[in-house]
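Heads up, the thing below is written out as structure tokens.
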Amino acid sequence: MGDVAKDLTAGTVGGAAQLIVGHPFDTIKVKLQSQPAPLPGQPPKYSGAMDAVKQTVAAEGPRGLYKGMGAPLATVAAFNAVLFTARGQMEALLRSAPGVPLSVEQQMVCGAGAGVAVAFLACPTELIKCRLQAQSALGSTGGSAIKYNGPMDVAKHVLKSEGGTLGLFKGLVPTFAREVPGNAFMFGVYELVKQYIAGGKDTSSLGRGSLIVAGGLAGASFWVTVYPTDVVKSLIQVDDYKNPKYSGSVDAFKKVLRTEGLKGLYKGFGPAMARSVPANAACFLAYEITRASLG
């Protein structure tokens, strides 16, 4: 089995593990973000994240936390397959001889390269996801928000009335600005933590616990470095096509900073971090175990 096939397989398994661990957090994040404002004198529907978990499980059972997982399962698996395969190809280019471990700086370069490849896949899938996740929140403002029935419906609408295929790549600039530095830091931190625990460059004998710690910290480093970019990306992607609020990424950044301050650039940061650590720990662990089992 060639290296590309191994990375594709291991990346796919890693992506599935990431989603199974991370999806419930995403469900709760979206419920909290989109719950309607309470009536005067009434408490909000959910008092916080734990309350939202309790209510969801009470009403729908544990399966309620996994609503809408079908579409992202395919895209997350594909996303991670591309991410880890591109990184594997970059590693092969930078390696001085077969089997020689790379430095932290070289891993950062590999991560940045993988980020370039994956941005093209991330942009249209996230545009569709953001439209679907935001519609309940946007619809409650009484605006003439378009109601979508599902992912294919969003894609059809964008292709028909928002500039064809190019419309699906709205927000590509902030997606690049998120994926390139974010993945550089993620893979750099992953290598840094592994080398720190191993006490040197050879990290091949690390146990599962060490890989979980390294993967969790790597995932956290991704969001710490690029979260404001992600907020800007989401705003651009859900912006009205006919009467846009923002002329571009820089304009969106300035307007959020002016109206909501620095806090506005970190909306939803808590749930994103709470999800990122265990989800990425699961992703890296599943990737490493699968890659090792393939020889």
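Taking 26 Å as the cut-off for C-alpha to C-alpha distance, list the pairs among Lys29/Lys170; Lys54/Lys233; Lys29/Lys242; Lys54/Lys245; Lys67/Lys255; Lys156/Lys255 that go past it.
On the way: Lys29/Lys170 23 Å; Lys54/Lys233 31 Å; Lys29/Lys242 28 Å; Lys54/Lys245 37 Å; Lys67/Lys255 33 Å; Lys156/Lys255 30 Å.
Exceeds cut-off: Lys54/Lys233; Lys29/Lys242; Lys54/Lys245; Lys67/Lys255; Lys156/Lys255.
Just grab the label-to-label distance for Ser293 and Ser247, each label 7 Å out from Cα along the Cβ direction, in nm (one decimal).
Between Ser293 and Ser247, the label points sit 5.5 nm apart.
Helix hunt in the chain: which complete DSSP H runs extend at least 24 Å axially by C-alpha with mean Kyte-Doolittle at least -0.5? List each step's numbers first, then the result.
Details: long enough: 3-34 (43 Å, 0.27); 70-94 (37 Å, 1.00); 104-139 (46 Å, 0.76); 172-198 (38 Å, 0.55); 208-238 (40 Å, 0.94); 269-293 (35 Å, 0.48).
Helices passing the filter in the chain: 3-34, 70-94, 104-139, 172-198, 208-238, 269-293.
Can you tell me the accessible area per residue over the stretch 116-259, all protein chains present, probe 1.4 angstrom, in square angstrom?
Numbers: 7180 Å² over 144 residues.
Value for the stretch 116-259: 50 Å² per residue.
Counting Lys +1, Arg +1, Asp -1, Glu -1, what net charge surrounds Ala252 among other residues with beta carbon under 14 Å of its beta carbon? Display every interim value, and only then the final one.
Numbers: positive: Lys170, Arg178, Lys233, Lys245, Lys254, Lys255, Arg258, Lys267; negative: Asp230, Asp239, Asp240, Asp251, Glu260.
Residues close to Ala252 contribute a combined charge of +3.
If you take the Cα atoms of the chain, find Rg, then find the Kirkwood Rh from the mean of 1/r over all pairs, what is Rg/Rh? Could the numbers behind the result be given before it?
Working: Rg = 20.0 Å, Rh = 20.3 Å.
That ratio equals 0.99.
For the pair Lys201/Thr259, report the inter-label distance in nm, with labels modelled 7 Å from Cα in the Cβ direction.
The modelled label-to-label distance comes out at 5.2 nm.
Taking the Cα centre of the stretch 91-206 as the origin, how large is its charge dipole in debye, to the nearest 20, when only Lys and Arg (+1) and Asp and Glu (-1) carry charge on their Cβ atoms? Could you put the intermediate results ahead of the total?
Working: 10 positive and 8 negative charges, 82 e Å.
The dipole of the stretch 91-206 has a size of about 400 debye.
Magnitude of the Cβ-charge dipole of the chain, K/R +1 and D/E -1, about the Cα centre, nearest 20 debye?
Values: 29 positive and 19 negative charges, 145 e Å.
Dipole of the chain, to the nearest 20 debye: 700 debye.
Would you mind calculating the gained length between Glu162 and Leu39 on full extension (0.36 nm times residue separation, minus the Cα-Cα distance), in nm to one decimal?
Contour length minus Cα-Cα distance gives 40.7 nm.
On the protein heavy atoms, probe 1.4 angstrom, tell me the percent of accessible surface of the chain carried by carbon and sulfur. Mind dumping the intermediate values first?
On the way: 9750 of 14750 Å².
Carbon with sulfur: 66 percent of the solvent-accessible area.
I'd like to know how the stretch 232-274 sits against the 2.2 N^0.38 Å rule of thumb: what's its Cα Rg over that expected value? Working shown, then result.
Values: Rg = 11.3 Å, N = 43, 2.2 N^0.38 = 9.2 Å.
Compared with the compact-globule rule of thumb, the stretch 232-274 sits at 1.23.
Taking only Cα atoms and a 10 Å spring cutoff, compute GNM fluctuations for the chain and point out the largest among Ala74, Ala17, Ala214.
In this elastic network of the chain, the residue with the biggest mean-square fluctuation among Ala74, Ala17, Ala214 is Ala74.
At 222 nm, what value in deg cm²/dmol follows for the chain if DSSP H runs of at least 4 each add -39500 (n - 2.57) and the sum is divided by all its residues, to the nearest 500?
That calculation yields -25000 deg cm²/dmol at 222 nm.
Got a sec? Charge dipole of the chain, +1 on Cβ for Lys and Arg, -1 for Asp and Glu; which of Asn280, Ser210, Gln133 is way out at the positive end?
Gln133
Have a look at Gly11, Tyr266, Pro44 and report the one farthest towards the positive end of the charge dipole of the chain, computed about the Cα centre with Cβ charges (Lys/Arg +1, Asp/Glu -1).
Farthest towards the positive pole: Pro44.
The values are calculated or read from the model by the stated rules, or taken from the named source; none is laboratory data. Remember, it's a predicted structure, so these values are computed and weren't measured experimentally. Please note: Cβ atoms are built from the backbone with ideal geometry, for glycine as well, and neighbour counts cover all protein chains shown. All accessible areas refer to the heavy atoms of the entire protein, side chains included, with ligands and DNA or RNA removed. Shrake-Rupley method; radii C 1.70, N 1.55, O 1.52, S 1.80 Å.
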